[in-house]
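Trainee: Before I ask anything, here is the structure I am working with.
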Amino acid sequence: MDKNSRRAVIAGNWKMNKTRPEAKALLAELIPLVKEAGCQVVACVPFTDLETALEAARGSNIAIGAQNCHWEKSGAFTGEISAEMLREMGVEYVIIGHSERRQYFGETDATVQKRVRAALDAGLTVILCVGELLEQREAGITREIVGMQTRVALGGVSREELSRIVLAYEPVWAIGTGRTATAQQAGEVNHYIRTVVEELYGAEAAAALTIQYGGSMNAKNAAELLDQPDVDGGLIGGASLKPQDFAAIVAAASR
Ligand code: 13P
């Protein structure tokens with residue numbers, strides 16, 4: 001299976017941005033711009049915007065996602081939201097293991113694995129983030145880091161469930177810095193991730209897996225990044241808050 005037969009996914013990660021009226025306005029502007037998209041379009045919004053976003057996106061080709069979920073179904077976990085709660089609302093996607101959660105909120109490979117398990121059990125599709133820090137790249141251990149993050153996160157995920165996983169390679173040094181990985185760097189690591197998945201699940205499953213790139217992807221550099229044989233989409237931060245820019249990335253991924 002080559003790139004053209006894989007599902008391209010362009011997902012916006014709004015991070016901690018947009019009140020409900022702002023979310024409604026952004027989606028209202030975005031919907032007509034991406035209605036002819038030849039790829040899956042996802043908006044991952046703050047928890048407080050989910051209901052508004054689901055309502056605004058109803059009948060459109062935009063799927064709605066959250067940015068995290070807890071691993072238990074319910075219980076004494078103040079401030080957390082379960083995968084079941086998301087699914088019950090009609091949420092389809094959830095980002096897990098974003099580097100900002102790993103950096104600022106104590107997320108580890110072990111908790112990422114538990115969250116992935118819960119999200120799959122609830123019927124969600126997971127956008128699973130992996131990526132190295134700058135010092136890890138400079139130390140020449142990008143593959144070790146990304147390989148380990150991928151292996152641990154997928155521990156316990158069956159081959160059938162892999163169809164509800166989207167991998168997102170996000171080099172931490174490229175996030176929100178304006179310093180994008182070169183297309184070659186993105187292509188190389190995405191290809192490496194596919195070889196790790198191949199070891200775990202076999203060639204067919206690996207070939208079918210959607211692997212995004214994320215980190216300062218924008219309307220200008222998207223086409224070159226998406227042209228790489230192993231880059232099947234993007235996880236977009238800053239540019240996802242600008243409808244025209246996000247739509248241009250969607251157009252670049254459409255086929
Ligand atoms: P930026 O596109 O703002 O660099 O963010 C990337 C990201 O972290 C998406 O999850």
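Trainee: If residue 129 satisfies every condition in (1) under 16 Å from the mean Cα position of the chain (by Cα); (2) in a loop (DSSP other than H, G, I, E, B) but one, which is the exception?
Mentor: (2)
Trainee: A further question follows. Any idea which of (1) crowded, with 19+ Cβ neighbours inside 10 Å; (2) part of a helix (DSSP H, G or I) is the one residue 136 doesn't satisfy?
Mentor: Of the numbered conditions (1) crowded, with 19+ Cβ neighbours inside 10 Å; (2) part of a helix (DSSP H, G or I), the odd one out for residue 136 is (1).
Trainee: Determine whether residue 145 is in contact (Cβ under 8 Å) with a residue 60 or more places away in the chain, part of a helix (DSSP H, G or I) and buried (at least 17 other Cβ atoms within 10 Å of the Cβ).
Mentor: No; evaluated as a whole, the condition is false for this residue.
Trainee: Check residue 227 against each of (1) open to solvent by 30 Å² or more (accessible area, probe 1.4 Å); (2) under 29 Å from residue 18 (Cβ atoms) and name the one condition it does not meet.
Mentor: (2)
Trainee: Against the conditions (1) in contact with a strand residue (DSSP E or B) (Cβ under 9 Å, 6 or more places away or on another chain); (2) open to solvent by 10 Å² or more (accessible area, probe 1.4 Å); (3) assigned to a helix (DSSP H, G or I), where does residue 157 fall short? Just the number, please.
Mentor: The one condition residue 157 does not meet is (3).
Trainee: I've got another one for you. Among the residues of region 72-80, is any away from the ligand (no atom under 16 Å from the Cβ) and outside any loop (DSSP other than H, G, I, E, B)?
Mentor: There is no residue in region 72-80 that is away from the ligand (no atom under 16 Å from the Cβ) and outside any loop (DSSP other than H, G, I, E, B).
Trainee: Just to be sure before I move on: is residue 102 at pLDDT 95 or above, closer than 21 Å to residue 235 by Cβ and basic (Lys, Arg) in the structure I sent?
Mentor: yes
Trainee: Give 181, 206 a once-over and let me know the one that is open to solvent by less than 50 Å² (accessible area, probe 1.4 Å), in contact with a helix residue (DSSP H, G or I) (Cβ under 7 Å, 6 or more places away or on another chain), hydrophobic (A, V, I, L, M, F, W, C) and under 17 Å from residue 235 (Cα atoms).
Mentor: Within the list 181, 206, the selection yields 181.
Trainee: Now a separate question. Which members of region 210-224 meet the condition of being within 11 Å of the ligand (Cβ to nearest atom) and either open to solvent by 10 Å² or more (accessible area, probe 1.4 Å) or part of a loop (DSSP other than H, G, I, E, B) (or both)?
Mentor: Correct list: 215, 216, 217, 218, 221.
Trainee: Across region 105-123, what is the total count of residues that are more than 15 Å from residue 72 (Cβ to Cβ) and not in a helix (DSSP H, G or I)?
Mentor: Summing the residues that are more than 15 Å from residue 72 (Cβ to Cβ) and not in a helix (DSSP H, G or I) in region 105-123 gives 5.
Trainee: Let me ask you something else. List pairs: first in region 175-191 and without any contact (Cβ under 8 Å) to a residue 12 or more places away in the chain, second more than 15 Å from the ligand (Cβ to nearest atom), Cβ under 7 Å, 6+ apart or cross-chain?
Mentor: none
Trainee: Now a separate question. Hey, can you tell me all the residues within region 8-60 that are of a type in the set (A, V, I, L, M), surrounded by 16 or more Cβ atoms within 10 Å (Cβ to Cβ), without any contact (Cβ under 8 Å) to a residue 60 or more places away in the chain and within 16 Å of the ligand (Cβ to nearest atom)?
Mentor: 45 - this is the single residue of region 8-60 that is of a type in the set (A, V, I, L, M), surrounded by 16 or more Cβ atoms within 10 Å (Cβ to Cβ), without any contact (Cβ under 8 Å) to a residue 60 or more places away in the chain and within 16 Å of the ligand (Cβ to nearest atom).
The values are calculated or read from the model by the stated rules, or taken from the named source; none is laboratory data. Everything numeric in this text was worked out from a predicted model, so none of it was measured. Ideal geometry is used to build each Cβ from the backbone, glycine not excepted, and the neighbour counts take in all protein chains shown. Remember, those area values only see protein heavy atoms, side chains included, never the ligands or the DNA or RNA. Shrake-Rupley method; radii C 1.70, N 1.55, O 1.52, S 1.80 Å.
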